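Note sheet for the following structure.
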Amino acid sequence: MAKILDRLLLFLYSLSIGILSVTAILLLSGVIPDKYEISDGPAVYIAAISVAVILFLLSIRFLYISLRRDRASLPSVDQRTEYGDIQISMETIENLSLKAAGKVKGIRDLKSRIRVSQAGLEIMIRAVVDGEHSLPLLTTDVQRQVHDFVQETTGIPVADVSVYIANLTQAPSFKSRVE
């Protein structure tokens, strides 16, 4: 949220500075008639126009920065093979771990987070379970499934798979209704 606000403020600031510098350039160059005259000579005009042009160029640069998308900030895991470079986004690895954990019976709601360490990937799984299966067996099964699936699919070593059981779902109780 703060990043969006910062970009909006940068956009408004650069837009206003751009408009002011264009207005100053037009006034100083004589395109827009004005009733004020500077008696210091042409050196002041040249300096003022130069400052206005520099401010205008800076405002264009800041406008570009405020409107562009951050492509460099997308995190990925990079690998080098004999054929070239491979980049796998963290989002892809998260989705692979969710897919593997979702295959385990008894798991309902899943979220994952990935960290890269020296030993390999550290995968954290947050799950809601149905409460009908043994939790130690369920978590071990999730750890094994996620570890094997992600490591086989990506070729990246998985150092650790942590499972956090956040809650269990309540089975809906149906009351018979007699009319």
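The values are calculated or read from the model by the stated rules, or taken from the named source; none is laboratory data. These numbers come from a predicted model, not from an experiment. FYI the Cβ positions are ideal-geometry reconstructions off the backbone, even for glycines, and counts take in every protein chain you see. Protein only, heavy atoms only, side chains kept; ligands, DNA and RNA dropped before computing areas. Shrake-Rupley method; radii C 1.70, N 1.55, O 1.52, S 1.80 Å.
Structure notes:
- Ser50 - accessible surface, heavy atoms, 1.4 Å probe, Å² rounded to 10: 50 Å²
- Relative contact order (percent, whole number), the chain, Cα cutoff 8 Å, 6+ residue spacing: 16 percent
- For the peptides 157-170, 117-130, 3-16, the ranking by packing is 117-130, 157-170, 3-16, with the highest mean count of neighbouring Cβ atoms within 10 Å listed first.
- Positive-end residue, the range 43-119 charge dipole about Cα centroid, Cβ charges, pick of Phe62, Ser76, Ala100: Ala100
- Charge dipole of the chain (Cα centre as origin; +1 on each Lys and Arg Cβ, -1 on each Asp and Glu Cβ, all else neutral): 440 debye, rounded to the nearest 20.
- Euclidean distance of C-alpha centroids, the range 50-69 and the range 127-143, integer Å: 55 Å
- Average accessible area per residue (Å²) across the chain - probe 1.4 Å, nucleic acids and ligands excluded: 74 Å²
- Highest to lowest packing among 145-155, 76-86, scored as the average C-beta count within 10 Å: 145-155, 76-86
- Where labels lie 7 Å past Cα in the beta-carbon direction, separation of Arg108 and Glu91 in nm: 2.8 nm
- Helices in the chain, meaning DSSP H runs of at least 4 residues, each add -39500 (n - 2.57). Divided by all residues, the mean residue ellipticity at 222 nm is -17000 deg cm²/dmol.
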